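Q: My structure is below; once you've seen it, I'll send some questions.
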Amino acid sequence: MTRSDLVELLANRFGQLTHRDAEFAVKAILDAMNDALVAGHRIEIRGFGSFSINRRPPRMGRNPRSGESVAIPEKRVPHFKPGKALREAVDRRTADTLAPGEVDKRRA
């Protein structure tokens with residue numbers, strides 16, 4: 001699902017919202033989430049999951065073309081951890097979509 005798909009779904013689901021209002025609402029939510037993560041805050045949406053910032057320590061890497069060692073600096077990256085309800089819903093949905101006789105390799 002893309003951002004424009006989300007806007008379209010929101011506008012269709014709530015008739016009182018114009019397409020422009022739905023677009024503004026989605027942009028406002030995503031901007032607020034972006035600002036919170038940039039500020040180092042954690043975002044928790046019950047039943048969906050949580051967003052946080054993980055620290056990747058500095059390390060030595062290798063340039064694949066030349067083979068020389070390269071120092072890779074410390075990074076802070078966003079991380080999403082799905083909530084229990086989302087994990088179970090996805091698991092249930094994927095289990096339902098298996099063809100009869102098909103083995104779920106994760107459970108084998």
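Throughout, read-outs are computed from the coordinates displayed, never taken from laboratory work. Source: prediction; values computed, not measured. Glycine also receives a Cβ, built like all others from the backbone with ideal geometry; neighbour counts cover every protein chain displayed.
Q: In debye, nearest 20: dipole of region 37-102 around its Cα centre with unit charges on the Cβ of K, R (+) and D, E (-)?
A: 360
Q: Hey, quick one: spin label on residue 72, modelled 7 Å out along Cα-Cβ, who in region 47-62 has an amide N within reach, i.e. under 13 Å?
A: 56-62
Q: Here is a follow-up. Using a 10 Å cut-off on Cβ atoms, rank the peptides 65-74, 27-36 from the highest mean neighbour count down.
A: Highest mean packing first, the order is 27-36, 65-74.
Q: Related question: Could you compute how fast the chain diffuses translationally, taking Rh as the Kirkwood radius over C-alpha pairs and applying Stokes-Einstein at 25 °C with viscosity 0.890 mPa s? Give it in µm² per second.
A: D, rounded to a whole number, is 136 µm²/s.
Q: If I model a spin label as a point 7 Å beyond the Cα along the Cα-Cβ vector, how far apart are those points for residue 16 and residue 91 in nm?
A: The modelled label-to-label distance comes out at 3.8 nm.
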